[in-house]
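Structure record follows, encoded as C-alpha cells.
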Amino acid sequence: MADFKQLSRSVKGLTVLITGAASGMGRATARVFAAEGANVAVTDYVAEDAGKVAREIAVGGGSAEAWRLDVANPDDIAAVVGDVASHFEGLDIVEHGAPAFHPEYAYMGYSPIPSGKSGGVSIPKGSGAPSISVGE
C-alpha cells in the first residue's frame, strides 16, 4: 500500500462565506461551521437578518461578521468577497445557500431560477478568493 498524507477534515480557523445565511439552511450551515471553529461570513439580502445570525454566533463564542449581499448583483459579489477576504485575512470556502432572485417574481412570493440557469455565485478573479464560478 502506498504511503499517503492524512488530510484534516477540520474547518477550524478557515473562513467560510455563506450566502442566504439569515434563515433556513443557510442559517443552520453558518451555525454548524461556527461551532466547528470556522470564521463565518454571514451574508444575506436582508442585512438586519444577517446581523442577527452573526450576533447569535458571536454570543455562542463563534467568530462571525455579517454583510448584505445580493447574489444577483456581480458588483455586490465582488465587493463582499473582497471585504470578507480582507476582514478575515483570506477566504477558504464559499457555501451558496441563497436562491437567485429576480424582482419580477417578488410579487409571487418566490424567486425561481430562470430557465437554463442553475443559480449560483460567481466569485470574480482578483477578489481575494480562488476563482469559483457556479451556475453559468
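The values are calculated or read from the model by the stated rules, or taken from the named source; none is laboratory data. Predicted model, so just to flag it, every value in this text is computed and none were measured. Cβ: placed from backbone, ideal geometry, glycine included. Neighbour counts: every protein chain shown.
Kindly indicate which of 76, 92, 49 is without any contact (Cβ under 8 Å) to a residue 12 or more places away in the chain and of a type in the set (D, E, K, R).
Exactly one residue qualifies, and that residue is 76.
Run down 42, 71 and say which single residue is buried (at least 22 other Cβ atoms within 10 Å of the Cβ), modelled with pLDDT of 95 or more and either out of contact with any Asp or Glu (no Cβ under 7 Å at 6 or more places or on another chain) or among the aliphatic types (A, V, I, L, M) (or both).
From the options 42, 71, the qualifying one is 42.
Being basic (Lys, Arg) and modelled with pLDDT of 90 or more is the requirement here; does residue 125 meet it?
When the stated conditions are applied, residue 125 does not pass them.
Which one of these is under 13 Å from the mean Cα position of the chain (by Cα), of a type outside the set (Phe, Trp, Tyr), at pLDDT below 95 and surrounded by fewer than 16 Cβ atoms within 10 Å (Cβ to Cβ): 25, 1?
25
Would a scan of the range 62-84 turn up a residue that is within 14 Å of residue 15 (Cβ to Cβ) and part of a loop (DSSP other than H, G, I, E, B)?
Yes: one or more hits.
Tally the residues that are part of a strand (DSSP E or B), without any contact (Cβ under 8 Å) to a residue 60 or more places away in the chain and not aliphatic (A, V, I, L, M), restricting the search to the range 1-43.
2
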